[in-house]
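Report on one structure; see the data block that follows.
The values are calculated or read from the model by the stated rules, or taken from the named source; none is laboratory data. The shown structure was predicted, so the numbers you read here are calculated from the model rather than taken from an experiment. Because the Cβ atoms are built from the backbone with ideal geometry, glycine has one as well, and the counts that use them run over all protein chains shown.
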Amino acid sequence: MSQNELTRLHELRKVHERRQTIAQAAKNLGLSQRQVKRLSKRLRNEGAEGLVSRKVGRSGNHQLPAGLKELAISLILEHYRDFGPTLAHEYLSEKHALAISISSVRNVMVVSDIWTNKARRKMRIHQLRPRRPREGELIQLDGSEHAWLEERGPYCTLLSYIDDATSKIMFLRFAKSESIVSYFEATQMYIQKHGRPETLYPDKHGVFRVNREGALTGDGMTQFGRAMKELGIELICANTPQAKGRVERRHRDLQDRLIKAMRLQKIETLEEANAFLPSFIDDFNKRFAKPPHDAINAHTPLLATHNLDRIFVLKTARRLSKNLTLQYKNVIYQIITDRPSYAMRKAEVTVLESRDGVITIEYGGRPITAVPYHQMQARAEVVSAKELITVLESKPEQKYRPGRHHPWKRGRRGFSARPEALACC
């Protein structure tokens, strides 16, 4: 007997022993009084077995006929063994005219071990990692695309630098997207304010890591990684979002508190939002930051050899041709030098592009004169998914405008609509 049937037996026995009425039993069991009377009569005549459901041992009303089930199995094994239930159902219905539902086909294939569901991923257990002992020893870095300004301003990205030891917000910066230029600008401002951290801990975004396997060119290091190497900052990319959970959880808090704070201040532009961030960070850290285990700050000051304006630029190596030319971003540059031309043939130079788009070419660490000579046809631009919205919005739609003598601007029957043409007619 099931637990429900045992409960009915207990209540009905109290009715037979006159310890409660039928109305009270019906209320306790959630049944009508007529049904309680039927069950009471069945208990009196048949005993406890009379309360067992009459459906036990009987086949279901919606069960497939044995012949149809066997036919479906044989057809699937013969023709559609490696098909999924939905595709197999389509062929069984269209090619063999079998009146069988998709769920029935799925059940038949599962019971017959023809098809199995995708194994449900086992929940990964992420053990808690102890905090780093000192502030600045590990800075978790990430960007969050969100409607930070709601309907008042543009859709943008918040770049966050969170200290692992204290959960303190070290730096925040609004940008249009997660681009190398945005991270260069934000990281330079962070270092100027706090100094150099020991380690930065971002995700596997293309700004921080070369994700193309088997790349034939380059040194396997991104522009951001090269800048961190020059500054002596270790760069480690997290393998999962849970690994940098402090910055992920902080984004959740900021998407609640920061958005509402900017709404009350009626902030509408990125400039106003960035100006508001320092006061918000101070108030937030007073409420939620935790003291570090070690009072020594792990940030180190910049060295005399560190020129941030030179480090946080795009650096690309190029090799000069026999004519002392090089190509960079579809533009051919001619090198102008007083030396003999053969002295710099096949020499390796470095192209520096600042965040403002200014191009400087250096040889041996010194700038050399270069003149743009020829601009080639632009190739298809490669844009990451995180920058797609910004790139599309920055390129206005260009409508085609026909020329003066285009056939669309001619009159009927091919005659020109110009006044001089009409006058001669």
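Matching residues to (1) in a strand (DSSP E or B); (2) modelled with pLDDT of 95 or more:
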| position | (1), (2) |
| --- | --- |
| ARG129 | no, no |
| ARG132 | no, no |
| GLY143 | yes, no |
| SER160 | yes, yes |
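The number of residues in the range 74-99 that are at pLDDT below 90, of a type in the set (A, V, I, L, M) and either surrounded by 10 or more Cβ atoms within 10 Å (Cβ to Cβ) or over 49 Å from the mean Cα position of the chain (by Cα) (or both) comes to 1.
Only one entry in LYS168, LYS176 is modelled with pLDDT of 90 or more and under 18 Å from the mean Cα position of the chain (by Cα), namely LYS176. Residues GLU137, GLU151: which one is closer than 30 Å to LEU235 by Cβ and at pLDDT 85 or above? Only one candidate qualifies: GLU137. Put simply, of ALA238, ALA304 the only residue that is among the small types (Gly, Ala, Ser) and either in contact (Cβ under 8 Å) with a residue 24 or more places away in the chain or within 26 Å of ALA175 (Cα to Cα) (or both) is ALA238. Looking at LEU43, LEU68, which is the one that is more than 60 Å from the chain's Cα centre (by Cα), assigned to a helix (DSSP H, G or I) and not hydroxyl-bearing (Ser, Thr, Tyr)? Only one candidate passes the filter, namely LEU43.
Of the strands (runs of 3 or more DSSP E) contained entirely in the range 256-374, those carrying at least 1 residues that are under 20 Å from PHE224 (Cα atoms) fall at 314-319, 325-328, 348-353, 359-363.
Identify the single condition in (1) of a type in the set (A, V, I, L, M); (2) without any contact (Cβ under 8 Å) to a residue 24 or more places away in the chain; (3) not in a helix (DSSP H, G or I) that ALA26 does not satisfy, given that it satisfies every other one. Here ALA26 meets the rest and fails (3).
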